[in-house]
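The values are calculated or read from the model by the stated rules, or taken from the named source; none is laboratory data. A quick note: this is a predicted structure, and the numbers were derived from the prediction, not measured. Using ideal geometry, Cβ is built from the backbone for each residue, glycine included, and neighbour counts are taken over all protein chains shown.
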Amino acid sequence: MPHQRFQSANIKPRYTKGLISALGVNSAYPRIPWIAAWWSAAFPGFGHMFLGKYLHGFILIIWELVVNSQANLNKGIALSMLGRFEEAKIQINEDWFLLYMAVYVYSIWDSYRCAVEVAKSHVLAEVEDAPVTPSEVTFFDVVILDKKNPWIGAIWSLLSPGLGQLYAGSTVVGTLVLAWWIYVAYKAEAVRMWLYSFLGDYNAVAEMVDWQWFLFMPSMYAFAIYQAYTAVIESNTLYDIEQIRYLRVRDENLSQQKTVANNKVQIIATFEHSPFVEIVIHEMEKIGVPKENIVAMPLENLKASTHILDSLHSVDGRSLLDGAMLGGTIGMVLGSIYGFVLYLGPIIWGLLGLIGGFTLGLLIEIAISKGQLKLFSPKKSEVIIQVTCNDTLQEQLIKILKSGKAMGYLVVPQRIDV
């Protein structure tokens, strides 16, 4: 959150926190550099997409699909891990393979570097308390920054990669992820493989699969789920940042120092960050409460414990799913490869590998965190509203607070000096 209040609405900040448009929502959200590097190692371009550098990521993903397929690299990797080293050597196209290595290393290095730079930019934007436009209406779309559940985004991408990105508000990203997934699934014969796997015809699955294209799918599938989850987290955080700035600027523009008369009442209520905060303020003004008598300010919450699962109103990106999804990706790749020689086939073993790797990664993260762990992130009181008004408006104000989803309220008793 901002290190200082925004000093003047006329000052134009040099760094931006985020942007929303018909193309999608993006933000300078700080991410752990080694996680960005890992996703680039799993699939060049994913690390840059993880950081919001989508154009850079798109270029590297297209490069990976073209050069990797021309070099037969995935097939060589699979044969090598199955111990068929001579066959792996024959499969590799050396000319394309030599082109591959430099860009592969670059994608890992550059995603790590970019993660560091984005974190610096985020800190500077916080210092300046840069504003964010909360909505945009164009001929093509109506884009509104709002609170969403990251798990719903993950579930939609679990059903079909790309849908979670569309839910998160990333229109272009979701469209391209859907397109990549459809193309790779078609080349790998994945839909028929899925069907025959669950019908129990595992021999037919092994015969029809295209190893080269099929091995793109575990990384793409796991990343689509994870990226949808984190995209919603970033959008929710951007919403909180925007509303905090709005409340602080509003407070600076209004005089709060008013003497409370005997016929006045003070009510204090707490809220989570949501559109209801601003709706409640406007409703209070509509029934006659002066603007200067409504104090609405964000709270500075104390540092929370590490938790596994984020929720709709308590999203900060500090859960343990980073390591769990990395483990799930590795497990799905290994399950898919060894599934070619095991009874249940690559589809079933790939899914089992995803579940097993996710569980193992989560257990490792829990062991590292030791006793500082909670399962769910707790709800936090994020905004406090204090209103001073005539006592005749008390009941109306309480109704407004209840309809506006206040977490709680207090009618401050008036003390008379003796």
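Looking at Ile347, Ile384, Ile308, Ile400, which is the one that is under 30 Å from the mean Cα position of the chain (by Cα) and either modelled with pLDDT of 80 or more or part of a loop (DSSP other than H, G, I, E, B) (or both)?
Checking each option against the conditions leaves just Ile384.
Residues in segment 191-217 that are under 29 Å from the mean Cα position of the chain (by Cα) and within 13 Å of Ile348 (Cβ to Cβ): how many?
The qualifying residues number 1.
Determine, yes or no, whether Ser377 is out of contact with any Pro (no Cβ under 7 Å at 6 or more places or on another chain), crowded, with 20+ Cβ neighbours inside 10 Å, modelled with pLDDT under 65 and within 27 Å of Ala36 (Cβ to Cβ).
Working: out of contact with any Pro (no Cβ under 7 Å at 6 or more places or on another chain): yes; crowded, with 20+ Cβ neighbours inside 10 Å: yes; modelled with pLDDT under 65: yes; within 27 Å of Ala36 (Cβ to Cβ): yes.
The answer is yes for Ser377.
Which condition from (1) at negative phi; (2) touching a residue at least 40 places away in the same chain (Cβ under 8 Å) is the one that Asp129 breaks?
(1)
Looking only at segment 82-111, filter to residues that are among the aromatic types (Phe, Trp, Tyr) and closer than 19 Å to Phe46 by Cα; which one of those is nearest to the chain's Cα centre (by Cα)?
Within segment 82-111, the match that is nearest to the chain's Cα centre (by Cα) is Trp109.
Restricting to segment 68-126, and then to whatever is among the polar types (S, T, N, Q) and touching a residue at least 24 places away in the same chain (Cβ under 8 Å), can you tell me which residue is farthest from Leu19 (Cα to Cα)? I'd like the intermediate steps shown before the answer.
Let us first name the residues in segment 68-126 that are among the polar types (S, T, N, Q), namely 68-70, 72, 74, 80, 91, 93, 107, 111, 121.
Add one more test, that the residue is touching a residue at least 24 places away in the same chain (Cβ under 8 Å), and what stays is 68-70, 72, 74, 107, 111, 121.
Details: Asn68: 34, Ser69: 35, Gln70: 37, Asn72: 40, Asn74: 37, Ser107: 25, Ser111: 21, Ser121: 14 Å.
Among those that are among the polar types (S, T, N, Q) and touching a residue at least 24 places away in the same chain (Cβ under 8 Å), it is Asn72.
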